[in-house]
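Undergrad: Sharing a structure with you now.
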Amino acid sequence: MTELVEKLYRTGDLTDAELSALITAEDDEAAELLKSRADEVRRKYYGTKVFLRGLIEISSYCKNDCLYCGIRRSSRDAERYRLTKEQILACCENGYSLGFRTFVMQGGEDAYFTDDIMVDIISEIRRRYPDCAITLSLGERSRESYRRMKEAGADRYLLRHEAASEKLYRKLHPAELSLENRKKCLFTLRELGYQVGAGFMVGAPFQTVDDLVCDLRFLQELQPQMIGIGPFIPHHSTPFADEKGGTLALTLRLLGIIRLMFPTVLLPATTALGTIAPNGRELGLMTGCNVVMPNLSPVMVRKKYDLYDNKICTGEEAAECRGCLQRRIESAGYTVASERGDPA
Ligand code: SAM
Ligand code: FES
């Protein structure tokens, strides 16, 4: 198995059969080599830098009903909230003083946040913080909406494709959502000049190794600047409450493979990874990740952005998460970069 890691390191690609073999390899020696090769490549382009993205969870209302998600529309016991413009700006102010130079506004697909409202918020953040990147993660919207928000000052957009295999996409989503539209949104965002992030959950119910190869092939086609992957974690009030979650080992293997296939990509060690293992994010950083996304949302709404069970960082103030992450990053051998963190 180590020869597959070396081939991937040398050439940046493998055949489908080789990728499948590496994804499923439960081989400690190969895992160690993958980790060190992934780290070598991340250091080549980014040194020891880890970029911080301040995550502001602007709404827990969602019109969609994705089967895995704790804030899906039919989750009756989900607590709903939305932040006001003033609250969002206060998060940015706090974040800026903590050294964040990227703000990520993420939320469910909430009709309240019309294009006019988003343009107003984005323009104000752009005016106040000309040196910061503005990232959006608001799901599927129209081309016109993406265009207007870009014009108002947004730079980046995170929209995980979730599953590039039609068969798996169908099992994870209700009939009214389509993979075709999801992909179309991603290509539109790219055309409009956004830095684009795609990605998927690792170990989602029904996911096979062929599905994961299909995800990697789709990422090769899209060539996004950012790739967000994290383990699937069940949420107790969804149809997938009793399904198994994604594992640390599989997530780390995929992170390492992604770093070798996409040497300059911005790759977060996600909160979900930190949720399934106490040192998950540190291990992610040591396996090619170069981004972390501390939570900047007001503490009183944190628990309500309840995507999966036992989510970490729901009781901490932004400054506490910032301090905690700095210690974690440094303990893993890396340094916090107080900059926008654009792709190398
Ligand atoms: N509404 C936007 C969208 O659909 O892109 C952004 C918010 S959505 C909640 C953010 C991401 O959370 C999704 O892309 C999904 O991959 C992840 N997510 C949702 N439920 C999850 C779960 N149970 N375990 C792990 N990740 C989950
Ligand atoms: Fe939030 Fe550690 S990162 S408490």
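Undergrad: For the chain, what is the charge dipole size about the Cα centre, in debye to the nearest 20, if Lys and Arg each add +1 at the Cβ and Asp and Glu each add -1 at the Cβ? Before the final figure, lay out each step's value.
TA: Values: 47 positive and 49 negative charges, 157 e Å.
The calculated dipole for the chain is roughly 760 debye.
Undergrad: OK, next. Which listed residue (LEU22, ALA38, MET1) has the Cα farthest towards the positive end of the charge dipole for segment 1-50, taking +1 on Lys and Arg C-beta and -1 on Asp and Glu C-beta about the Cα centre?
TA: So the residue we want is ALA38.
Undergrad: Could you bin all the Cα-Cα distances of the chain into 20 Å bins starting at 0 and give me the percent of pairs in each, rounded to whole numbers?
TA: Reading the bins upward from 0: 32, 62, 6.
Undergrad: Along the charge dipole of the chain, Cβ charges K/R +1 and D/E -1, which of GLY70, LEU177, VAL104 sits furthest on the positive end?
TA: In the chain, that residue is VAL104.
Undergrad: Okay, moving on. Straight-line reach only, C-alpha to C-alpha below 13 angstrom: list the aspartates and glutamates that LYS85 could link to, leaving out same-chain residues fewer than 8 apart.
TA: Partners within reach: GLU57, GLU93, ASP116, ASP120, GLU124.
Undergrad: Label-point separation (nm) for ARG143 and GLU339, each offset 7 Å from Cα along Cα-to-Cβ?
TA: 3.6 nm
Undergrad: Projecting each Cα onto the charge dipole of segment 289-344 (Lys/Arg +1, Asp/Glu -1 at the beta carbon, about the Cα centre), which of CYS313, MET293, SER338 comes out farthest on the positive side?
TA: CYS313
Undergrad: Where is the GNM fluctuation largest for the chain (alpha-carbon springs, 10 angstrom cutoff): ALA38, ALA319, ALA17?
TA: Greatest mean-square fluctuation among the candidates belongs to ALA17.
Undergrad: Ok, one more. As a check on your grasp of the helix formula, calculate [θ] at 222 nm for the chain: sum -39500 (n - 2.57) over DSSP H runs of n ≥ 4, divide by the residue count, round to the nearest 500.
TA: Numbers: 14 runs with 153 residues, N = 344.
Value at 222 nm, helices only: -13500 deg cm²/dmol.
Undergrad: By its C-alpha gyration tensor, with a ≥ b ≥ c as the square roots of the eigenvalues, how is segment 1-72 shaped: rounded for a/c under 1.5, else prolate for a/b larger than b/c, else oblate? Write down the numbers at each step before the final one.
TA: On the way: a/c = 3.11, a/b = 1.63, b/c = 1.91.
Cα axes put segment 1-72 in the oblate bin.
Undergrad: With θ set to phi - 60°, apply the Karplus curve 6.51 cos²θ - 1.76 cosθ + 1.60 along segment 103-112 and write out the HN-Hα couplings as whole Hz, x wherever there is a Gly or Pro.
TA: Coupling constants for segment 103-112: 10, 10, 9, 10, x, x, 7, 10, 4, 4 Hz.
Undergrad: Divide the volume of the convex hull of the Cα atoms of segment 105-182 by its number of residues and quote the answer in cubic angstrom per residue. List each step's numbers first, then the result.
TA: Numbers: hull volume 7.1 nm³, N = 78.
Value for segment 105-182: 92 Å³ per residue.
Undergrad: Specify the inter-centroid distance of segment 96-128 and segment 60-84, based on alpha-carbon positions, in whole Å.
TA: 20 Å
Undergrad: While we're on this one: With a ≥ b ≥ c taken as the square roots of the eigenvalues of the C-alpha gyration tensor of segment 198-344, please select rounded if a/c is under 1.5 and otherwise prolate if a/b is larger than b/c or oblate if it is not?
TA: On the way: a/c = 1.78, a/b = 1.07, b/c = 1.66.
Oblate, since a/c reaches 1.5 and b/c is not below a/b.
Undergrad: Which FRET efficiency, nearest 0.05, do ARG327 and THR264 yield, Cβ-Cβ r, R0 35 Å?
TA: 0.80
Undergrad: Once amide H atoms are placed 1.01 Å from N in the peptide plane, what residues at a sequence separation of 5 or more from ALA133, or on another chain, have their amide H within under 5 Å of its amide H?
TA: Under 5 Å from the amide H of ALA133: THR102, PHE103.
Undergrad: Please enumerate, by chain and number, the lysines with C-alpha under 28 Å from the C-alpha of LYS184, excluding those fewer than 8 residues away in the same chain.
TA: Cross-link targets: LYS63, LYS150, LYS167, LYS171.
Undergrad: Give, in nm to one decimal, the length gained when the segment between GLN223 and ASP242 is fully stretched (0.36 nm per residue of separation minus the Cα-Cα distance).
TA: Values: separation 19, 0.36 × 19 = 6.84 nm, distance 3.44 nm.
Computed gain between GLN223 and ASP242 is 3.4 nm.
Undergrad: What is the spin-label model distance, in nm, from GLU40 to LYS303 if the labels are put 7 Å beyond Cα along the C-beta direction?
TA: Taking the two extended label points, one gets 4.8 nm.
Undergrad: How would you rank GLU320, GLU243, GLU3, going from fewest to most other Cβ atoms within 10 Å of each one's own Cβ? Show your work: numbers first, answer last.
TA: Values: GLU320 14, GLU243 17, GLU3 10.
In increasing order of surrounding Cβ atoms, one gets GLU3, GLU320, GLU243.
Undergrad: What aspartates and glutamates does LYS49 reach when the alpha-carbon gap must be under 15 Å and sequence neighbours fewer than 8 apart in one chain are set aside?
TA: Cα-Cα hits under 15 Å: ASP39, GLU40, GLU282, GLU330, GLU339, ASP342.
Undergrad: Turning to a different aspect of this structure: Assuming R0 = 30 Å, can you tell me the calculated FRET efficiency for the pair LYS171 and ALA319, based on Cβ-Cβ distance, to the nearest 0.05? Don't skip to the answer; put the middle values down first.
TA: Values: r = 41 Å, r/R0 = 1.37.
With R0 = 30 Å, the Cβ-Cβ based efficiency is 0.15.
Undergrad: Ok, one more. Give me a comma-separated list of calculated 3J(HN,Hα) values for segment 241-257, in order, Karplus coefficients 6.51, -1.76, 1.60 applied at θ = phi - 60°, integers in Hz, x for any Gly or Pro.
TA: Per-residue couplings from phi come out as 3, 9, 7, 6, x, x, 9, 4, 4, 5, 4, 5, 4, 5, 4, x, 4 Hz.
Undergrad: Oh, and also: Starting from 0.36 nm per residue, how many nanometres of slack lie between THR24 and ARG128 once their C-alpha separation is accounted for?
TA: Details: separation 104, 0.36 × 104 = 37.44 nm, distance 4.77 nm.
The THR24-ARG128 span can extend by a further 32.7 nm.
Undergrad: Mind checking the dipole of segment 43-169: about its Cα centre, +1 per Lys or Arg Cβ, -1 per Asp or Glu Cβ, Debye to the nearest 20? Could the numbers behind the result be given before it?
TA: On the way: 23 positive and 19 negative charges, 113 e Å.
Here the size comes out at about 540 debye.
Undergrad: Further question on the same structure: To one decimal place, what Kirkwood hydrodynamic radius in Å is obtained for segment 53-181 from all pairs of distinct Cα atoms? Display every interim value, and only then the final one.
TA: Values: mean 1/r = 0.0641 Å⁻¹.
About 15.6 Å, per the Kirkwood formula over Cα pairs.
Undergrad: Further, regarding this structure: Starting from the amide H of ILE58, placed 1.01 Å from N in the peptide plane, find each other amide H under 5 Å away whose residue is 5 or more places distant or on another chain.
TA: GLN106, GLY107
Undergrad: Also, I was wondering about something else. Counting pairs of alpha carbon atoms under 8 Å apart in space and at least six apart in sequence, what relative contact order in percent does the chain give?
TA: Values: 651 pairs, mean separation 85.0, N = 344.
Computed value for the chain: 25 percent relative contact order.
Undergrad: Another question about this same structure. Using amide H atoms built in the peptide plane, which far-off residues or other-chain residues are under 5 Å from LEU266 H to H?
TA: Those lying under 5 Å, H to H, from LEU266 are MET226, ILE227.
Undergrad: Hey, what do the phi angles of segment 156-169 turn into as Karplus ³J(HN,Hα) couplings, whole Hz, using 6.51/-1.76/1.60 and θ = phi - 60°, x for Gly and Pro?
TA: 9, 9, 9, 9, 4, 6, 6, 6, 7, 8, 4, 4, 6, 3
Undergrad: How high is the relative contact order of segment 212-281, in percent, with contacts defined as C-alpha pairs under 8 Å that are six or more residues apart?
TA: On the way: 65 pairs, mean separation 25.6, N = 70.
It comes to 37 percent, rounded to a whole number.
Undergrad: Right, something else. Under a crude label model (7 Å from the Cα following the beta-carbon direction), how far is GLU86 from ALA249 in nanometres?
TA: 5.3 nm
Undergrad: What ranking, highest mean first, results for peptides 199-207, 7-15, 62-70 when packing means the other Cβ atoms within 10 Å averaged over each residue?
TA: Values: 199-207: 22.0, 7-15: 15.0, 62-70: 19.0.
Taking the mean over residues of other Cβ atoms within 10 Å, the ranking is 199-207, 62-70, 7-15.
Any read-out appearing in this document is the output of simple, stated calculations on the displayed coordinates, not a laboratory observation. In this text, all values refer to a predicted model and were calculated from it rather than measured experimentally. Note that we place each Cβ from the backbone using ideal geometry, even for glycine, and neighbour counts take in every protein chain shown.
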